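Engineer: Starting off with a structure, shown below.
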Amino acid sequence: MGTAAVILGGGVRSMIGLLNFSLLLKYLLLSVGMKILLWQPSDSFLAAPTITPMVICLGFCALLAATLATKGFFTARAPLCPPIVEPKHLLVLYWLCFGIGNAATFVIDYSNFGTVTMLDGTQVGGLMGVSRYVQPLRDISVGIALLYAHFKQSRKFITHPLVLLSAFAAIALSLKQNSKGLLMTPMFYGVLTLFLLRGFKQVRLFMLSGLAVLLLVETVFPVIHYVRAREFSESGYRLTLPLFWKSLTDYSFREELKQDAKSNYQENGYLGADPGIVARFAMVGNADNLIAPTAALHEFSGWLTIVWGLKMLPPRVLYPEKPTYDSSQELSIRSGMADPNSAGVPFAYGFFAAMYNAFGYLGALFGSFFLLLIFFMVAKLFFGNPVGPNLWCVFVVGWWHQGICEFSISGIISGLWYAPLAWVVYLASRWLTGRIPV
């Protein structure tokens, strides 16, 4: 069913096809593939070895049905965000996204203008709340830079100055905030853009890109794990840069960091071991973490997570009682997976599991179908179903892969804001392109 959804969606070079392939990759290809490599039965280490596969199967039935249901939607009209191939327009868009995204990061770190402090100490709303929504624009800048170098027919491609600028900015922010996500997301956008532009034809480019990713995983990630596992008197660059430089130049220290990180790493129970970065994307075990206690307790959350998501849609100035986080934490507390005092800790279960938690098997099938139907319709309204090297294909697939596949239902509902955000940025870049000499 997953393969059929990819084919009917337009194949792996189209937006809908890639969205479907992303789910197939996370739930089956990576998870089961790792099981084969580790020589383990596919249902080993699952707390609900019968129910979890059934929920995932129903989810893929919903995926196929939603793909078929939206196949003819918005095909006769141009999308609100048409393809961008003009180098000048891409350059303006790059500086808009890179500038706004990094400015938003600065505001989040240093400004509390108009914010409200919650009981757990978290600051929300105001300029900081707006900044959190626009911050992901920074991540797509590396994809825009690659597209700009391609359409400008530059002799430099993955070493183009704009590509390197985005990469170095991502590394710096990742080290400053001790966040792997700030580095993984731009990396994914870069690899995805490279695939859409060149396919697998230029092996040398993929080998160089793979070596760069491996270098970052081997040096930056262990430093972040090391810092997270300890309480230091100082933070930021003063702490992380010396550790990062030592990890680059001292092999024994790098191995020490990796072993230390592994000892403090919460293993993916489904894989039974720590296979590194792959565990981040293998979603079967994560889904089982919510499905198993839900089935054991036979307590379903009903409309809680959907209403939660609707409450997260309006700005806080219009709805002061807006939740601070998505509902994954609440689901974890209800199922006994999390400490009630661990506010703000993210849990990635995926919406298949969240729909089962809400309404049982019917939720896994019909709830997932309607959620996917809404997402596909919004995506096609704003971006169509582009094929090949298209900025909006990179944007939507990256947004989907890095968040939507793993979000709870409320996270997906609130995440629909990114489509109109992209449209506003597109309109601004089109207006500026005709007025700024580049």
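Engineer: For ARG430 paired with ALA78, estimate the spin-label separation in nm (one decimal), with each label point 7 Å from Cα along the Cα-to-Cβ line.
Structural biologist: 0.7
Engineer: What is the sum of charges, Lys and Arg at +1 and Asp and Glu at -1, for the other residues whose Cβ falls under 14 Å from the Cβ of VAL85?
Structural biologist: Taking every other residue near VAL85 into account, the sum is +2.
Engineer: List HIS160, HIS401 from most exposed to least, where exposure is judged by having the fewest other Cβ atoms within 10 Å.
Structural biologist: HIS160, HIS401
Engineer: So, one more: Find how much the distance from LYS152 to TRP95 grows on full extension, using 0.36 nm per residue of separation minus their present alpha carbon separation; answer in nm with one decimal.
Structural biologist: 18.9 nm
Engineer: Could you please rank MET1, MET54, placing first whichever residue has the fewest other Cβ atoms within 10 Å of its Cβ?
Structural biologist: Placing the least packed residue first, the sequence is MET54, MET1.
Engineer: Checking the a/c ratio against 1.5 first, then a/b against b/c, what shape does the Cα gyration tensor give for segment 16-101?
Structural biologist: Judged from the Cα gyration tensor, segment 16-101 comes out oblate (a/c at least 1.5, b/c at or above a/b).
Engineer: Right, another one. Once the Cβ-Cβ distance between CYS57 and LYS88 is put in as r, and R0 is 51 Å, what FRET efficiency do you end up with, to the nearest 0.05?
Structural biologist: In this case the efficiency is close to 0.60.
Engineer: If packing is taken as the average number of other Cβ atoms within 10 Å across a peptide's residues, how do 182-190, 85-93 rank, most packed first?
Structural biologist: The most tightly packed comes first, giving 182-190, 85-93.
Engineer: Between TRP39 and ARG13, what is the label-point separation in nm under the 7 Å Cα-to-beta-carbon projection?
Structural biologist: 4.0
Engineer: Please give the FRET efficiency for GLU256 paired with LEU381, using the beta carbon to beta carbon distance and R0 = 56 Å, rounded to the nearest 0.05.
Structural biologist: FRET efficiency, GLU256 to LEU381: 0.60.
Engineer: Where does each of 96-103, 29-36 land if you order them by average Cβ count within 10 Å, highest first?
Structural biologist: 96-103, 29-36
Every read-out reported here was derived from the displayed coordinates using simple, explicitly stated rules and does not represent laboratory data. Since this is a predicted model, take the numbers as computed values, not measurements. We place every Cβ from the backbone using ideal geometry, glycine too, and count neighbours over all the protein chains shown.
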